[in-house]
Amino acid sequence: ARVTLVESLKQFDDIEIKGAFETGEDCISALEKEQVQIVIMDIGLPYKTGIETTKIIKEKYPNVKVIMLTSQQDEIISSFASGANGYALKEISTDKLHSVIKTVASGSLWIAPQIASVVQNLFYNLETLPKPDFKLTDREKEVLELLVLGLSNTKISEKLVVSTHTVKAHVTNILSKLAVSDRVQAAVKAVKYNL
């Protein structure tokens, strides 16, 4: 898929491709040597996720813009929380992706139309909620922060050096305390209330 994407974008004279990499670590290393304007990022990377990688890129190279190109519709909140500038689904046409690249390069954010309404509804529904004290423990706040970054329970357990069973229990408590039904809504609420 990476090779196909590179080949399809080569047809555009106004895009210069600096490289294509299998892992987030390789991409970060390349940015130390090459000046680039845009990174197209897959979320499902080995080792560091695309969301973790994006957070590191934005911390080290704040002027580099990142477009998530993914088959996952439910990582949009964590992607933008990590600093992403665009969120496109993998079924996007090459011509449309070229247009998205130009849009993001000009300083605008871009969200796939198929999921923009979902995000809007999530935030709209939160507007009517009071802002209570969610009474999260320090450990639950740690878990929530990693959840917002898009980490799986397994990855969270590795980061915090606890069992996945313990992480699942924390996530269940977080969902209950935030009065939400899934991880995406928890991430939305965490970002909205700066938890």
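Work out from phi, with θ = phi - 60° and the Karplus expression 6.51 cos²θ - 1.76 cosθ + 1.60, the ³J(HN,Hα) of each residue of the range 19-24, listed in order in whole Hz, and give x for Gly and Pro.
For the range 19-24, the Karplus curve yields x, 9, 10, 7, 10, x Hz.
Quick one: if you stick a label point 7 Å off each Cα along the C-beta vector at residue 47 and residue 12, how many nm between them?
With each label point 7 Å from Cα toward Cβ, the separation is 2.8 nm.
For the chain, with the dipole built from +1 on Lys and Arg beta-carbon atoms and -1 on Asp and Glu ones, taken about the Cα centre, which of 27, 82, 71 lies farthest toward the positive end?
Towards the positive end, the residue furthest out is 82.
Rounded to the nearest Å, what's the spacing between the alpha carbon centres of the range 89-112 and the range 34-74? Just the number, please.
About 14 Å separates the Cα centre of the range 89-112 from the one of the range 34-74.
Can you tell me how much longer the chain between residue 103 and residue 74 gets when fully stretched, taken as 0.36 nm per residue apart minus their C-alpha distance, in nm with one decimal?
Details: separation 29, 0.36 × 29 = 10.44 nm, distance 2.26 nm.
Full extension from residue 103 to residue 74 adds 8.2 nm.
How big is the equivalent ellipsoid of the range 1-53 along its three axes, where each semi-axis is √(5λ) from the Cα gyration tensor, reported in whole Å from largest to smallest? Show your work: numbers first, answer last.
Values: eigenvalues 78, 38, 14 Å².
They are 20, 14, 8 Å, listed largest first.
Using 1/(1 + (r/R0)^6) with R0 = 30 angstrom and r between the beta carbons of residue 168 and residue 133, what's the FRET efficiency to the nearest 0.05?
0.80
Please compute the per residue accessible area over the chain with all protein chains in place, 1.4 Å probe, rounded to a whole number of Å².
Values: 10760 Å² over 195 residues.
Each residue of the chain exposes 55 Å² on average to a 1.4 Å probe.
Placing +1 at every Lys and Arg Cβ and -1 at every Asp and Glu Cβ, with all other atoms neutral, what dipole size does the range 1-99 have around its Cα centre, in debye to the nearest 20? Working shown, then result.
Working: 11 positive and 16 negative charges, 38 e Å.
Dipole of the range 1-99, to the nearest 20 debye: 180 debye.
Summarise the long-distance tail of P(r) for the chain by giving the % of C-alpha pairs beyond 23 Å.
Working: 8743 of 18915 pairs.
Of all Cα-Cα pairs in the chain, 46 percent lie more than 23 Å apart.
Among 33/168; 58/192; 48/168; 18/192; 96/155; 55/141, which pairs are too far apart, with a Cα-Cα distance over 30 Å? The partial results should precede the final answer.
Values: 33/168 40 Å; 58/192 20 Å; 48/168 21 Å; 18/192 36 Å; 96/155 33 Å; 55/141 18 Å.
With Cα atoms farther than 30 Å apart: 33/168; 18/192; 96/155.
What percentage of the solvent-accessible surface of the chain, computed with a 1.4 Å probe over protein heavy atoms, is contributed by carbon and sulfur atoms? Display every interim value, and only then the final one.
Values: 5380 of 10760 Å².
Carbon with sulfur: 50 percent of the solvent-accessible area.
For residue 40, what residues show an amide H to amide H distance below 5 Å, using hydrogens built from the backbone and excluding near sequence neighbours?
Long-range HN contacts for residue 40: 67.
Using unit Cβ charges (K, R positive; D, E negative) and no other charged atoms, how large, in debye to the nearest 20, is the dipole of the chain about its Cα centre? Show your work: numbers first, answer last.
Working: 23 positive and 24 negative charges, 111 e Å.
Using Cβ point charges on Lys, Arg, Asp and Glu, the chain gives about 540 debye.
The values are calculated or read from the model by the stated rules, or taken from the named source; none is laboratory data. This one's a predicted model, so the numbers in the text were calculated from it and none came from an experiment. Note that each Cβ is placed from the backbone with ideal geometry, even for glycine, and that neighbours are counted across all protein chains shown. The area values use the complete protein model at the heavy-atom level, side chains included, leaving out ligands, DNA and RNA. Shrake-Rupley method; radii C 1.70, N 1.55, O 1.52, S 1.80 Å.
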